[in-house]
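Here is the structure we will look at, set down as structure tokens.
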Amino acid sequence: MTKTPSLGRAGLAWYRGLLQRDGVLRGTAHALGSGWELALDYLPSRKRLRYGDIDYDFDHGVNTTWAAPTLSVRLREIFTRGQYQPSEPELFRRILDELKVNHSEFVFIDLGSGKGRTLLMAADYPFRKIIGAEIIPELHATAEQNITRYHSDSQKCFELEAWLGDAREFPYPPAPLVLYLFNPFPADILRDVLQQIHATFTQSPREIFVIYHNLVHEDVFRSMEFMRTILHTPQYAIYRLS
């Protein structure tokens with residue numbers, strides 16, 4: 001586990017980064033625009049949208065939607081340049097069914113796991129272990145609660161773990177890996193994460209598959225020579241390290 005900076009320090013580092021990257025005028029405009037978007041998030045129309053996939057939570061007695069996030073969570077999402085989005089259950093199952101592996105040999109890792117819905121859904125497959133990595137403490141705490149509460153007759157993996165920290169510092173186990181990324185990072189952080197995945201592959205060669213859902217920064221994957229595409233759709237792609 002890595003130490004998560006306080007909200008004030010995280011905000012200051014974010015603003016300084018904007019100024020360094022965009023200059024004073026554009027950086028300040030970006031910050032003000034983010035504040036405006038944050039205010040819009042609390043309009044009733046946007047709040048209703050967050051409850052659109054609440055059936056999964058009712059069925060399993062958990063809290064995994066992006067509903068009613070606290071102000072501190074929304075601020076941390078802005079400062080980390082990411083936003084929690086729970087995966088849609090039917091599409092998630094379709095993605096994993098496309099991955100023809102012996103699940104019992106693999107550790108499943110969700111990078112940017114938020115409240116942990118993906119961890120719970122992955123537990124329907126007999127993975128060796130399931131781990132979620134999340135940088136926002138409030139989401140991480142909710143994921144831990146969900147892991148404790150979750151019960152399903154179809155559950156096949158019972159070793160679930162939530163890890164708090166920066167995904168760029170995640171300690172990958174030496175086992176074969178299935179990595180899941182639901183567009184959790186901006187391009188520069190994604191590039192660092194993929195380089196770290198390559199480093200762990202180089203240090204301990206084994207099968208590593210990377211699932212990228214919501215192909216916003218697909219160009220980053222294409223720039224990585226060690227990523228070989230084994231399946232590509234308009235919604236997601238599956239890569240294998242080589």
Report task. Read through the list (1) open to solvent by 20 Å² or more (accessible area, probe 1.4 Å); (2) in a loop (DSSP other than H, G, I, E, B); (3) under 25 Å from Glu98 (Cβ atoms), then give the number of the only condition that His198 fails. Result -> (2)
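Within the stretch 182-226, work out how many residues are aliphatic (A, V, I, L, M), closer than 23 Å to Leu119 by Cα and in contact with a His (Cβ under 8 Å, 6 or more places away or on another chain). Talk me through it step by step, then tell me what you get.
Initial filter on the stretch 182-226 (aliphatic (A, V, I, L, M)): 187, 189-190, 193-194, 197, 199, 208, 210-211, 215-216, 220, 224.
Within this subset, residues satisfying the condition of being closer than 23 Å to Leu119 by Cα are 189-190, 193-194, 197, 208, 210-211, 215-216.
Retained after the next criterion (residues that are in contact with a His (Cβ under 8 Å, 6 or more places away or on another chain)): 190.
Total satisfying the criteria: 1.
Return yes when Ile189 is buried (at least 21 other Cβ atoms within 10 Å of the Cβ) and either under 15 Å from the mean Cα position of the chain (by Cα) or assigned to a helix (DSSP H, G or I) (or both) and no when it is not.
Values: buried (at least 21 other Cβ atoms within 10 Å of the Cβ): no; either under 15 Å from the mean Cα position of the chain (by Cα) or assigned to a helix (DSSP H, G or I) (or both): yes.
In short, no.
Can you name every residue in the stretch 217-230 that is open to solvent by 80 Å² or more (accessible area, probe 1.4 Å) and part of a loop (DSSP other than H, G, I, E, B)?
If we filter the stretch 217-230 for residues that are open to solvent by 80 Å² or more (accessible area, probe 1.4 Å), which is where we start, we get 219, 222, 225, 228.
Hit for the stretch 217-230 is Glu225, nothing else.
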Query raised in the report: Assuming Pro234 fulfils every condition listed in (1) over 23 Å from Asp59 (Cβ atoms); (2) open to solvent by 30 Å² or more (accessible area, probe 1.4 Å); (3) assigned to a helix (DSSP H, G or I) apart from one, which condition is it?
Result: (3)
**Report entry** Cβ pairs under 6 Å, 6+ apart, first in the stretch 198-210 and within 18 Å of Val220 (Cα to Cα), second open to solvent by less than 70 Å² (accessible area, probe 1.4 Å) and of a type in the set (Ser, Thr, Tyr)
**Finding:** Val210/Tyr239
Report summary line: Taking first residues from the stretch 220-242 that are under 18 Å from Gln195 (Cβ atoms) and modelled with pLDDT under 95 and second residues anywhere that are open to solvent by 10 Å² or more (accessible area, probe 1.4 Å) and assigned to a loop (DSSP other than H, G, I, E, B), the pairs with Cβ under 6 Å that are 6 or more apart or on different chains are none
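The values are calculated or read from the model by the stated rules, or taken from the named source; none is laboratory data. Note that the structure is predicted; figures quoted are calculated from it, not measured. Glycine gets a Cβ as well: all are built from the backbone with ideal geometry, and neighbour counts include every protein chain shown. Please note that ligands, DNA and RNA were not included when accessible areas were found on the heavy atoms of the full protein model with its side chains. Shrake-Rupley method; radii C 1.70, N 1.55, O 1.52, S 1.80 Å.
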